[in-house]
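K.L.:
Quick one: structure below, then a few questions.
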Amino acid sequence: MRKLPTLKKVTIAVIGSVLLIVFLLFWQQRQAAQATDLDAELQNLIAQQGLMPLAAPAPPSPALVALGQALFFDKELSGNRDTSCATCHHPALATGDQLHLSIGTGGSGFGAERRLGQNRDLVPRHATELFNRGLPEWETMFWEGRVEGDAVAGFHTPAGEFLPAGLDSVLAAQAMFPVTIRAEMRGGWYSVAGYAIPPGTVLDEAATYAQNLPTGWADTDVFGQPNELAAIPNDSKYFPEIWSLLMARLLVIPAYQELFRQAYPDVPTAELGFQHAANALAAFQAQAFSFTNSPWDRYLAGEQTALSPQAKQGALLFYGRAGCAACHSGPLFTDQEYHNIAAPQFGPGRDDFAPLDYGRYAISQNPADKYAFRTPPLHNVALTAPYLHNGAYDSLTAVITHHLQPEKALRAFDGRTLPPELRPTLQNYPVTLDDILATLSPQLPQTELNRQEIAQLVAFLESLTDPATAGLNSLIPDSVPSGLPVGEE
Ligand code: HEC
Ligand code: HEC
């Protein structure tokens with residue numbers, strides 16, 4: 001009598017399990033079918049648009065990379081011996097500095113905590129990350145492309161005719177400039193930066209001239225010695241003087257003599273110029289910061305499971321309805337062209353246009369280029385907040401929302417999300433906002449996406465992160481030839 005209920009229970013359990021298994025199988029198949037549909041759709045689009053994974057650059061010579069690594073982390077390259085390239089492009093901060101606007105010489109603290117030194121000015125722009133800049137596709141550098149060209153056709157740079165020959169790439173050409181910029185590496189108070197060396201001073205005397213400046217005019221380095229680079233006037237015709245003073249600094253250090261000799265065995269020491277240092281800096285960046293193995297690149301190479309379904313949906317939007325690939329195109333996710341997406345304006349502003357930053361207009365003088373900036377590449381973008389040329393937004397969601405409704409986002413931007421010291425510099429007078437919107441790019445999608453779709457786009461952008469970037473800290477050397485400290489800041 002007691003057996004029957006047990007049998008019943010067993011029967012019910014068996015039937016239940018069978019039903020569950022049938023349901024699970026059905027569900028799994030449905031999911032698989034959906035995934036196949038999604039993959040088929042995406043594969044189609046990839047074929048249509050000819051999308052290709054990133055290809056790693058040819059490995060540069062190890063001796064050049066070793067020299068470049070030393071230079072990249074050595075504060076000897078800055079007038080005051082307190083700032084290296086890594087100060088603003090730090091491996092622990094995904095090759096950026098986490099600041100809205102960069103802080104150069106005289107600053108203190110690390111990452112988002114870094115603070116401006118007394119009598120110093122902010123760098124007017126956000127530090128770009130440096131991923132994959134060694135790839136041969138690059139022909140522009142800086143947010144408004146003020147360094148452009150290639151080794152064959154030649155370069156357009158702020159140095160004009162004073163740029164030395166022998167630069168290997170546009171990345172090497174770029175490396176000539178951080179040392180010439182006062183707020184970044186050169187030093188000298190901005191308030192007196194415009195002063196000129198008295199007429200009649202011979203250029204070679206510029207270094208001695210630094211020692212004879214009235215107190216408070218020149219800078220002193222971390223040891224209290226005069227900063228000879230700060231004393232050079234601003235005009236680009238004096239850039240060669242800055243570069244040769246820097247080479248003089250480097251070549252008195254025996255370890256640098258050796259590193260240069262190994263990197264350039266055929267160049268006599270007397271013929272070494274800062275262009276040789278710049279080529280080495282470019283070689284190091286190419287070697288250290290090339291990451292071509294993101295889930296998206298693996299998917300493009302045929303690995304179907306590399307992407308989550310959400311990222312695949314995001315890819316469909318990116319290359320489809322959301323219209324992102326109109327500008328973020330090609331394997332680097334940039335057309336290397338200049339577009340005004342109506343980013344809010346704040347900070348000190350640039351050159352003649354301060355407190356505004358007119359972007360590409362400063363180079364092209366074309367009114368259509370006002371407020372246009374170079375389309376940034378997007379690999380590893382999830383690691384490099386804040387975003388845009390001045391770090392206006394802290395999250396990818398906020399950046400995407402801005403792109404979709406630029407006018408609304410610009411007018412609504414009240415600076416509340418900015419650090420307190422930047423809030424008063426926000427240029428949100430109606431006349432300025434109208435001026436910004438007057439040259440808004442017609443290529444922006446101006447489309448509505450719901451929250452789920454925006455999350456899918458974010459998932460796609462996250463799939464552009466190469467997991468190997470987690471090992472960036474291993475690039476930081478224990479010491480550099482000058483003996484100056486290396487590490488955070
Ligand atoms: C004080 C901070 C600071 C220092 C120091 C600094 N940079 Fe930068 N870097 C920036 C900022 C800010 C930008 C963007 C500036 C602009 O577009 O006007 C930038 C841009 C770049 C770019 C352009 C990337 C692109 O896609 O356009 C490269 C490459 C670069 N820096 C390399 C270097 C190297 C090499 C050094 C050392 C010689 C260096 N930086 C020193 C802040 C810094
Ligand atoms: C009209 C060309 C254009 C289109 C279309 C476009 N972008 Fe952009 N995007 C830009 C430019 C230009 C910037 C930088 C603007 C600035 O700094 O003022 C930018 C910045 C970004 C950034 C910040 C990257 C960084 O390193 O600061 C992200 C992320 C981004 N775009 C994603 C997208 C997505 C996603 C879409 C599609 C919804 C999209 N973009 C559509 C031109 C475009």
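K.L.:
Right, Gln336: closer than 26 Å to Leu99 by Cβ and either more than 8 Å from ligand 2 (Cβ to nearest atom) or open to solvent by less than 20 Å² (accessible area, probe 1.4 Å) (or both) or not?
P.N.:
The answer is yes for Gln336.
K.L.:
For the stretch 396-409, does any single residue satisfy the condition of being more than 17 Å from Ala342 (Cβ to Cβ) and open to solvent by less than 40 Å² (accessible area, probe 1.4 Å)?
P.N.:
Yes, there is a match, as at least one residue in the stretch 396-409 is more than 17 Å from Ala342 (Cβ to Cβ) and open to solvent by less than 40 Å² (accessible area, probe 1.4 Å).
K.L.:
Let me confirm something: among Ser364, Ser395, which residue is of a type in the set (Ser, Thr, Tyr), closer than 27 Å to Ser463 by Cβ and more than 12 Å from ligand 1 (Cβ to nearest atom)?
P.N.:
After applying the criteria, what remains is Ser395.
K.L.:
For the stretch 115-162, enumerate the residues that are in a loop (DSSP other than H, G, I, E, B), open to solvent by less than 10 Å² (accessible area, probe 1.4 Å) and either among the small types (Gly, Ala, Ser) or more than 15 Å from ligand 2 (Cβ to nearest atom) (or both).
P.N.:
Of everything in the stretch 115-162, those that are in a loop (DSSP other than H, G, I, E, B), open to solvent by less than 10 Å² (accessible area, probe 1.4 Å) and either among the small types (Gly, Ala, Ser) or more than 15 Å from ligand 2 (Cβ to nearest atom) (or both) turn out to be Leu135, Gly145, Ala159.
Let's see how each residue does on (1) more than 16 Å from ligand 2 (Cβ to nearest atom); (2) among the hydrophobic types (A, V, I, L, M, F, W, C); (3) under 18 Å from Ala165 (Cα atoms):
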position: Tyr238; (1), (2), (3): yes, no, yes
position: Glu241; (1), (2), (3): yes, no, yes
position: Leu251; (1), (2), (3): yes, yes, no
position: Leu259; (1), (2), (3): yes, yes, no
position: Pro265; (1), (2), (3): yes, no, no
position: Ala270; (1), (2), (3): yes, yes, yes
position: Gln275; (1), (2), (3): yes, no, yes
position: Asn279; (1), (2), (3): yes, no, yes
position: Phe284; (1), (2), (3): yes, yes, no
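K.L.:
Conditions first: (1) open to solvent by less than 30 Å² (accessible area, probe 1.4 Å); (2) in the same structural domain as Gln336 (by TED's automatic domain parsing). Phe460 passes all but one, so which condition is the exception?
P.N.:
(2)
K.L.:
Of the residues Phe72, Phe26, which single one is assigned to a helix (DSSP H, G or I) and at pLDDT 95 or above?
P.N.:
Within the list Phe72, Phe26, the selection yields Phe72.
K.L.:
Moving on to the next point. State yes or no: is Leu422 open to solvent by 20 Å² or more (accessible area, probe 1.4 Å), within 16 Å of ligand 1 (Cβ to nearest atom) and under 23 Å from the mean Cα position of the chain (by Cα)?
P.N.:
It is false that Leu422 is open to solvent by 20 Å² or more (accessible area, probe 1.4 Å), within 16 Å of ligand 1 (Cβ to nearest atom) and under 23 Å from the mean Cα position of the chain (by Cα).
K.L.:
Only one of these is within 16 Å of ligand 1 (Cβ to nearest atom), under 30 Å from Asn293 (Cα atoms), surrounded by fewer than 20 Cβ atoms within 10 Å (Cβ to Cβ) and among the aliphatic types (A, V, I, L, M): Leu388, Leu378. Name it.
P.N.:
Answer to the check: Leu388.
Here is a yes/no grid of residues against (1) at positive phi; (2) touching a residue at least 24 places away in the same chain (Cβ under 8 Å); (3) touching a Cys at 6+ places or on another chain (Cβ under 8 Å):
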position	(1), (2), (3)
Leu433	no, no, no
Leu440	no, yes, no
Leu449	no, yes, no
Glu453	no, yes, no
Phe460	no, yes, no
Leu464	no, yes, no
Val480	no, yes, no
Gly483	yes, no, no
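K.L.:
What number of residues in the stretch 56-88 are within 10 Å of ligand 1 (Cβ to nearest atom) and in contact with a Phe, Trp or Tyr (Cβ under 6 Å, 6 or more places away or on another chain)?
P.N.:
Residues in the stretch 56-88 being within 10 Å of ligand 1 (Cβ to nearest atom) and in contact with a Phe, Trp or Tyr (Cβ under 6 Å, 6 or more places away or on another chain): 5 in total.
K.L.:
Is it fair to say Asp369 is open to solvent by 10 Å² or more (accessible area, probe 1.4 Å) and free of Cβ contacts under 8 Å to residues at least 60 places away in the same chain?
P.N.:
no
K.L.:
While we're looking at this one, here's another question. Just a yes or no: is a residue in the stretch 44-66 open to solvent by 50 Å² or more (accessible area, probe 1.4 Å), within 16 Å of ligand 2 (Cβ to nearest atom) and either modelled with pLDDT of 95 or more or at negative phi (or both)?
P.N.:
Yes, the stretch 44-66 contains a residue that is open to solvent by 50 Å² or more (accessible area, probe 1.4 Å), within 16 Å of ligand 2 (Cβ to nearest atom) and either modelled with pLDDT of 95 or more or at negative phi (or both).
The rows are residues; the columns are (1) assigned to a loop (DSSP other than H, G, I, E, B); (2) among the hydrophobic types (A, V, I, L, M, F, W, C); (3) touching a strand residue (DSSP E or B) at 6+ places or on another chain (Cβ under 8 Å); (4) assigned by TED's automatic domain parsing to the domain that holds Asn340.
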position: Lys408; (1), (2), (3), (4): no, no, no, yes
position: Arg411; (1), (2), (3), (4): no, no, no, yes
position: Gly415; (1), (2), (3), (4): yes, no, no, yes
position: Pro420; (1), (2), (3), (4): yes, no, no, yes
position: Pro424; (1), (2), (3), (4): no, no, no, yes
position: Asp434; (1), (2), (3), (4): no, no, no, yes
position: Gln456; (1), (2), (3), (4): no, no, no, no
position: Ala468; (1), (2), (3), (4): no, yes, no, no
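K.L.:
Next question. Looking at (1) polar (S, T, N, Q); (2) crowded, with 17+ Cβ neighbours inside 10 Å; (3) without any contact (Cβ under 8 Å) to a residue 24 or more places away in the chain, can you tell me which one Thr292 breaks?
P.N.:
Going through (1) polar (S, T, N, Q); (2) crowded, with 17+ Cβ neighbours inside 10 Å; (3) without any contact (Cβ under 8 Å) to a residue 24 or more places away in the chain one by one, Thr292 breaks only (3).
K.L.:
Follow-up. With respect to the numbered conditions (1) touching a helix residue (DSSP H, G or I) at 6+ places or on another chain (Cβ under 9 Å); (2) within 16 Å of ligand 1 (Cβ to nearest atom); (3) not in a loop (DSSP other than H, G, I, E, B), which one is the sole condition not fulfilled by Phe373?
P.N.:
(1)
K.L.:
Now for a different question. Mind checking which residues of the stretch 470-482 are part of a helix (DSSP H, G or I) and open to solvent by less than 20 Å² (accessible area, probe 1.4 Å)?
P.N.:
If the condition is that a residue be part of a helix (DSSP H, G or I) and open to solvent by less than 20 Å² (accessible area, probe 1.4 Å), then Leu472 is the only one that fits.
The values are calculated or read from the model by the stated rules, or taken from the named source; none is laboratory data. What you see is a predicted model; the values in this text were computed from it and never measured. Heads up, the Cβs are rebuilt from the backbone with ideal geometry, glycines too, and the neighbour counts pull from every protein chain shown. Keep in mind that these areas ignore ligands, DNA and RNA; they rest on the heavy atoms of the full protein, side chains included. Shrake-Rupley method; radii C 1.70, N 1.55, O 1.52, S 1.80 Å.
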